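As structure tokens, the structure follows; a few thoughts come after it.
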Amino acid sequence: MGSAENFKAATKYYRELLMCGFLYIVVIILESIFCGVTLAEFMRVGIGLVLVTLKCVILLVGMGFVAYLQGLFLPPEPGLTRLKSAARRLDLLQQRYLDGEVFAYGCIGLAVLMCATFYFVQKSLIANLHPFAWDNEFIAIDKFLHLGYMPNDFIVAITEKLHLGGLLDIAYFSWFAMMYAIVGYNLFWDSDRKRRLRFMWVFFLSWVLLGSLLGTVFSAAGPIFYHDFFPNLPDPYKDFVAYIEAHGAADFSIAYHSRFLLLAWTTNGQMVNPNAVAAFPSMHLAIAWLAVLYARSFGRGPFIIALVFTVLIYMATILFGFHYAIDGYVSIILVSLMWWGFGKYLDRQYPDDAPPLRRV
């Protein structure tokens with residue numbers, strides 16, 4: 001299953017990323033100790049996050065299923081039935097793929113992804129490291145950028161007129177499937193050395209720099225949770241929350257009910273939770289926009305699909321009240337800068353005529 005040389009080359013290829021990933025975990029462990037997290041609680045959630053990462057491996061199963069279906073439509077080999085011929089072709093293809101470079105690089109890259117998932121442990125600690133403090137500043141920035149209006153007023157008007165509530169609900173929670181599909185493709189199929197490393201650097205640093213660092217420094221709860229964490233202040237989203245209460249259960253039920261789960265995880269007294277409230281910046285927008293930048297290299301079709309999906313995600317973050325508009329703007333700008341910067345850096349390491357990785 002893969003040559004030792006391939007795995008050695010893959011480890012060297014991801015060496016800097018692996019070092020950053022392990023350092024990231026060490027920092028999170030130190031933060032957890034500082035906050036008083038018990039070992040049992042840390043291990044329970046940490047192991048769960050590692051298992052979540054393995055969802056990317058589902059792509060391998062899908063690839064095998066597609067290859068088998070293709071074999072069914074090819075003329076059977078002499079002396080074999082169509083089913084046995086397709087199974088034989090799949091077995092031979094599998095052997096070549098597992099010995100190829102892409103598989104070895106994907107296995108090592110999966111370790112980088114596992115490191116990034118520890119963001120969800122660190123996210124739970126934000127309320128203890130830096131209790132929500134920037135909501136009022138972000139509200140003021142949103143009003144300034146939108147000429148004195150609340151961004152959610154525009155989004156509510158558009159979604160009401162076009163009846164987009166249900167579509168945005170599905171898109172927002174399809175984001176997880178999109179993320180695993182894109183990352184799985186990058187790990188286990190993309191043969192372009194520069195492109196796959198560029199994507200993984202920006203993906204990893206998005207969680208570390210945007211999600212963990214900026215999320216902690218500029219901690220904020222978000223519009224829908226403003227009254228929960230600032231009960232003694234006038235709620236600028238009172239009317240918006242009333243709209244959510246009146247229409248959410250019918251128009252976007254998944255988001256409507258998930259906000260209660262997020263709030264419960266944040267206020268249940270446990271230090272570490274599967275997920276917690278944290279508005280700034282928007283990781284949904286960060287990863288969706290990264291998918292747009294990544295899709296550009298595959299042609300106009302994938303680019304347009306990714307762009308439309310990102311627009312829907314942006315609208316959903318505002319409609320559901322999970323984020324301020326500035327959360328998404330900052331994510332898009334910083335991800336674009338990282339994508340551009342790593343593109344320039346990797347151009348020197350991998351010229352355009354660099355040979356692709358061998359799949360089979």
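Structural remarks
- Filter result (over 15 Å from Ile333 (Cα atoms) and over 13 Å from the mean Cα position of the chain (by Cα)) within the range 202-215: Ser212, Leu213, Gly215
- Taking the criterion of being part of a helix (DSSP H, G or I) and of a type in the set (Ser, Thr, Tyr), the residues of the range 315-360 that qualify are Thr317, Tyr329, Ser331, Ser336, Tyr345.
- Residue list for the range 176-213, restricted to those being of a type in the set (A, V, I, L, M) and over 29 Å from Phe298 (Cβ atoms): Leu213
- Residue in the range 120-137 that is within 20 Å of Ala288 (Cα to Cα) and crowded, with 21+ Cβ neighbours inside 10 Å present: yes
- The residues in the range 334-356 that are modelled with pLDDT of 85 or more and either touching a Cys at 6+ places or on another chain (Cβ under 9 Å) or among the hydrophobic types (A, V, I, L, M, F, W, C) (or both) can be counted, and the count is 8.
- Scanning the range 138-149 for residues that are part of a loop (DSSP other than H, G, I, E, B) and either within 27 Å of the chain's Cα centre (by Cα) or of a type in the set (Gly, Ala, Ser) (or both) yields a single hit, Gly148.
- Residue list for the range 66-98, restricted to those being within 20 Å of Lys55 (Cβ to Cβ) and crowded, with 19+ Cβ neighbours inside 10 Å: Tyr97
- Criterion (surrounded by 20 or more Cβ atoms within 10 Å (Cβ to Cβ), farther than 30 Å from Lys12 by Cβ and hydrophobic (A, V, I, L, M, F, W, C)) met by exactly one of Val277, Val217: Val277
- Some residue of the range 122-137 being of a type in the set (A, V, I, L, M, F, W, C), assigned to a helix (DSSP H, G or I) and under 29 Å from Arg296 (Cβ atoms): no
- Residue within the range 99-106 that is in contact with a Lys or Arg (Cβ under 6 Å, 6 or more places away or on another chain), surrounded by 21 or more Cβ atoms within 10 Å (Cβ to Cβ) and of a type in the set (Val, Ile, Thr) present: yes
- Checked against (1) part of a loop (DSSP other than H, G, I, E, B); (2) surrounded by fewer than 20 Cβ atoms within 10 Å (Cβ to Cβ); (3) among the small types (Gly, Ala, Ser), Ser297 meets all criteria but (1).
- Residue, farthest from Gly64 (Cα to Cα), within the range 154-201, restricted to residues that are surrounded by fewer than 21 Cβ atoms within 10 Å (Cβ to Cβ) and of a type in the set (Asp, Glu): Glu160
- In the range 316-337, residue nearest to Leu168 (Cα to Cα) [restricted to those that are surrounded by fewer than 22 Cβ atoms within 10 Å (Cβ to Cβ) and aliphatic (A, V, I, L, M)]: Ile332
- Among the residues of the range 77-112, those identified as part of a loop (DSSP other than H, G, I, E, B), in contact with a helix residue (DSSP H, G or I) (Cβ under 8 Å, 6 or more places away or on another chain) and at pLDDT below 80 are Glu77, Leu80.
The values are calculated or read from the model by the stated rules, or taken from the named source; none is laboratory data. All figures in this text were calculated on a predicted structure; none of them were measured in a lab. Counting neighbours? That spans all protein chains shown, and the Cβs are built from the backbone with ideal geometry, glycine included.
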